[in-house]
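Asker: I am attaching a structure below and will ask some questions about it afterwards.
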Amino acid sequence: MKEKFADIIVDISHEKVDRAFQYRIPDKLAEELEIGMCVQVPFGKGNKLIKGYVVGLSEVCNYDPQKIKEIRALVQKGVGVEDRQMALAAWIRKNYGGTLIQALKTVLPVKQTVKGKEYKTVVLKAGREEAIALLGESKRMKGRAARVRLLEELLQEEELPYDLVTGKLMVSPAVIQGLARTGVVKVESTDIYRNPVKKMDSKDEKMKLSPQQESIVTQICGEYDAGMRKTYLLHGVTGSGKTEVYIRLIEEVVKRGKQAIVLIPEIALTYQTLKRFYKHFGERVSVLNSTLSQGEKYDQCQRAKQGEIDVIIGPRSALFTPFPNLGLIVMDEEHEGSYKSENTPKYHAREVAVTLAERTGSVLVLGSATPSLEAYYRAQNGEYGIFKMKERVAGGTLPTVYTEDLREELKQGNRTIFSRRLQELLADRLEKGQQSMLFINRRGLAGFVSCRACGEVIKCPHCDVSLSEHRGGRLICHYCGYERAMVSKCPSCGSKYVSGFKAGTQQIEEKLLQMYPGIRVLRMDADTTKNKGSYEKILEAFGNGEADVLVGTQMIVKGHDFPNVTLVGVLAADMSLSVGDYRAAERTFQLITQAAGRAGRGEQPGEVVIQTYQPEHYAIIHAANQDYEAFYEEELAYRDLMQYPPVVHMMAVQVYAAVEEEGLRVAKELAKEAEKLGKNNQGFPLQIIGPAPAGIGKINDIYRFVFYVKHPAYELLVETKDCLEAYLHARDTRRLNIQFDFNPINGL
Ligand code: ADP
Ligand code: ZN
Ligand code: ZN
C-alpha cells in the first residue's frame, strides 16, 4: 500500500525547522511524491497557499482525519537556492544516514534575529596641526589626562574602534562627546560586516604569475568556457603558489558573473591569508568562522543570497552558503581531517563539494601538498584533472632531514626523549639565537604497545593495524575484535622493554628546562589553548621571538610562517604511525611532511630531525625524502591488499548503549543482518568485520561497539544502511543509539 500522509516543513530556514506538519496526499500525487519534493500547501487559519518540503511519508495519520488538510499541488522542480539546498540535504541524508532534520540543520543556516550590532569608531576630524596644538594645550591643563591619551592615539592611528577607546584606553563617552562637539573627533558607525582591510588598488598589488601558475589558470578557464565542468587537484608543495592560483580563478569566475566558495580549515584561516583575499575582493568577500554566532552566520548567508558578496571563505560549513550563481568551489588543504563532520550526518565536505559542483555547474579545485589517498586515487583514475607544482615560487630550499633511530639511542644508553643529534642541534640553535619547534604527533587513540629495543609493534594478525591496550591488560583490535593477553616479552627479539608509548608535551617542556637551563619554552596543546584567543597569543609570542622553542601537538605544524625557525624535531613519529586504524601511515606521512615544511622558511636553511623506532617504515622514509608519489604507490598497494578505502568503501556502524551486553548483542544482530543482505546480493558479497568494542570503549557510561561493512560499490553500503535502519525501526531500541560513518577518517 502506498503512503497516504506526508510530513511537511513549511519554512526551511527557520529555527523551528524541526516542526513538521502532516498533510494528506491526494490520489493524483500518490505515485510521484517523494521525500525532498517541494509542494504547495494551505496553511494557517486563512489557508493561505505556501511552499513546503516533504520530509517524511507514512500510512498513519497522527492528526484528526476529519481535519487534516491536503497537499494542493507539486511545485515544478524549481531552480531557487532553497530548492537546491533542500535537495542537497536529502542527498546528504541518503548518503550519510541520520534524519532529514539533522541533514537540514547541517545545510541551512538557522534564522535567528541578531540585534543590529553596530561597529563604532572614533575618527580624528581636525587637521594634524590643530590636533597637535590641542594636545599641547591639554597637557598643560589639569584633569585632561583622558583627552591627552585619546589625542595621542589618534595622531598615530586616525580611526580607532570605539570599544577600544572606552575600554582599554579608559576614555569616557563624555570626553569623546566633548571633543566631538567642537569638531575635533567624530563617532562613526558602520555595520558589523565592514572588512578590516580595505581593497587595495589592484594595479600595483597584482604580481605576475609564474608560467606554471599562468598555464593552470588558463587551462581551467579555457575548459570552463568550453563548457567543461571538472574537479581539479593542485598537488603543490607549501609555498608553490596555490593560493595565488585560487585568487586568479576566483577573479575569472566573478568576471563571469558567478560566485565562489573557498574552504580553508579553520586553523589555517590566518590573518595573512585573509588579508590577501581582502586585498583582492574588498567588500565583496566575507568570512565565516566559529566565532560568529548563529545569527551572524545567518546574516552572512542572506548577504550571499542577495548578491552582496561574491566570495565566502570558511571551514566545512561555508560549503552551504546559498549563492544564487555558484561558479567555483576551492578546497585548500583537501586532505585535512576537519573536512569530515564528526556529528551525524557524518559527511565529508569533499564528497558534498563534488555533488554541489555537479548540481550547480561549478568547477571544484582541490589543493594540497599531501593529497588524501582518495583524491590522488581519483586523479590517477582520470576522474580529476591534476596539476603538480613542485617548486616554491618565492625560491628557498627544502630542509635537510635526519631520521634518528630510537632503538640505537637506547642501545647507546640514551634514555632521554631527545636523540643525540637533536640535543646537539638544539644547543647549536640556542647559541645562534635561532628558533626551534618540537612536535609530538599525539592522537587520541595511541594505545599501542611496542618494543623499545627492536621497534616491533604488536599488531592484529587479521587487519594489520596495531592492537590497543585496554583495561585489564588485554590487547584488542578495533576493527575485528581480535583479543590477546598483554605481552611481557617482545615476540620478535625477546626484550623486556615492551610497553605502551607515553610521552606528552608537558614532559617535553620539563625535560627541556632541565637540560638547557635558561631556555625559553612555549607550549601549545589542548591544555594551553583552552581559552579564546590563547592559540593566537602563543603563536604571536613565538613569532615575536619571545621563546627559543615551541613545543606542541599537531596544532603547531599548520600554515604559520616563522622565518627564524631553522630546526624542527618530530619527537616520536611512531605516535601516529601505530594508531590502530588504516589511515595511520597516511596521517604520519602528512604530519611529517608538514612539520618538515616549517623549517627554513626564511633566509637560513632548515634542518629536520625525525625520531622513530621504525626508521624502515615506508611512511617515514618517503616523508624524509619528501616523495609523495613513492609514498602513494606503497600505501595504495597496502590498501589494495587489505581492502581498505579508497580501493573499497567502508561503512562503520556504531552502536551506543547504556548496558554493555545489550550493545554487544545488538551490534552482533546487526552485523548478522548485514551479512544476510550481503549474501542475497549475488556476485559481490559484502565483507563484514567485527563487531568490536570501539577504541574508547566507554564514554560517560555509554558503551560503544562498532562493526565495519566493506564493498567497492558505495550504493550497496547505502542500501545496507537503509536496511539496518529499517530493521532497528521495527524493534524496541529506545535505549540504543546507532550511527553510521562512511569511510571514517578517525578511529573510533
Ligand atoms: P601556497 O598556497 O601553495 O602555499 P602561495 O600562493 O601562498 O602558495 O605563495 C607562496 C608565497 O609566494 C606567497 O608569499 C605569495 O605571495 C608568493 N607568490 C605566489 N605567487 C607568486 C608569483 N607569481 N610571483 C611572486 N611571488 C608569488
Ligand atoms: Zn623487540
Ligand atoms: Zn583485527
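Asker: What tally of residues in region 18-75 results from selecting those that are exposed (fewer than 14 other Cβ atoms within 10 Å of the Cβ) and basic (Lys, Arg)?
Answerer: The qualifying residues number 5.
Asker: Among the residues of region 455-470, what is the count of those that are away from ligand 2 (no atom under 16 Å from the Cβ) and aliphatic (A, V, I, L, M)?
Answerer: Number satisfying all stated conditions: 1.
Asker: May I pose another question? Hey, does region 515-527 have a residue that's touching a residue at least 12 places away in the same chain (Cβ under 8 Å), within 16 Å of ligand 2 (Cβ to nearest atom) and out of contact with any Lys or Arg (no Cβ under 6 Å at 6 or more places or on another chain)?
Answerer: There is no residue in region 515-527 that is touching a residue at least 12 places away in the same chain (Cβ under 8 Å), within 16 Å of ligand 2 (Cβ to nearest atom) and out of contact with any Lys or Arg (no Cβ under 6 Å at 6 or more places or on another chain).
Asker: Inspect all residues belonging to region 490-498 and state whether any of them is more than 30 Å from residue 652 (Cβ to Cβ), more than 16 Å from ligand 1 (Cβ to nearest atom) and crowded, with 19+ Cβ neighbours inside 10 Å.
Answerer: So far as region 490-498 goes, yes, one or more of its residues are more than 30 Å from residue 652 (Cβ to Cβ), more than 16 Å from ligand 1 (Cβ to nearest atom) and crowded, with 19+ Cβ neighbours inside 10 Å.
Asker: Taking region 383-397 only, how many residues are crowded, with 17+ Cβ neighbours inside 10 Å and either more than 14 Å from ligand 1 (Cβ to nearest atom) or among the hydroxyl-bearing types (Ser, Thr, Tyr) (or both)?
Answerer: Here the count works out to 3.
Asker: From the list 407, 452, which one is more than 30 Å from residue 643 (Cβ to Cβ), within 16 Å of ligand 2 (Cβ to nearest atom) and in the same structural domain as residue 562 (by TED's automatic domain parsing)?
Answerer: After applying the criteria, what remains is 407.
Asker: Looking at region 471-494, which of its residues are in a loop (DSSP other than H, G, I, E, B) and within 16 Å of ligand 2 (Cβ to nearest atom)?
Answerer: 486, 487, 488, 489, 490, 491, 492, 493, 494, listed by residue number.
Asker: Just checking, does region 257-277 include any residue being in a loop (DSSP other than H, G, I, E, B), basic (Lys, Arg), crowded, with 18+ Cβ neighbours inside 10 Å and modelled with pLDDT of 95 or more?
Answerer: yes
Asker: Here is a list of conditions, (1) touching a residue at least 40 places away in the same chain (Cβ under 8 Å); (2) assigned to a loop (DSSP other than H, G, I, E, B); (3) small (Gly, Ala, Ser), and residue 499 meets all of them except one; can you say which number that is?
Answerer: (2)
Asker: In region 215-225, is there at least one residue being closer than 21 Å to residue 383 by Cα, modelled with pLDDT of 95 or more, within 28 Å of the chain's Cα centre (by Cα) and within 14 Å of ligand 1 (Cβ to nearest atom)?
Answerer: Yes, region 215-225 has at least one match.
The values are calculated or read from the model by the stated rules, or taken from the named source; none is laboratory data. Keep in mind that what you see is a predicted model, and the values were worked out from it rather than measured. Here the Cβ is made from the backbone with ideal geometry for all residues, glycine too, and neighbour counts use every protein chain on show.
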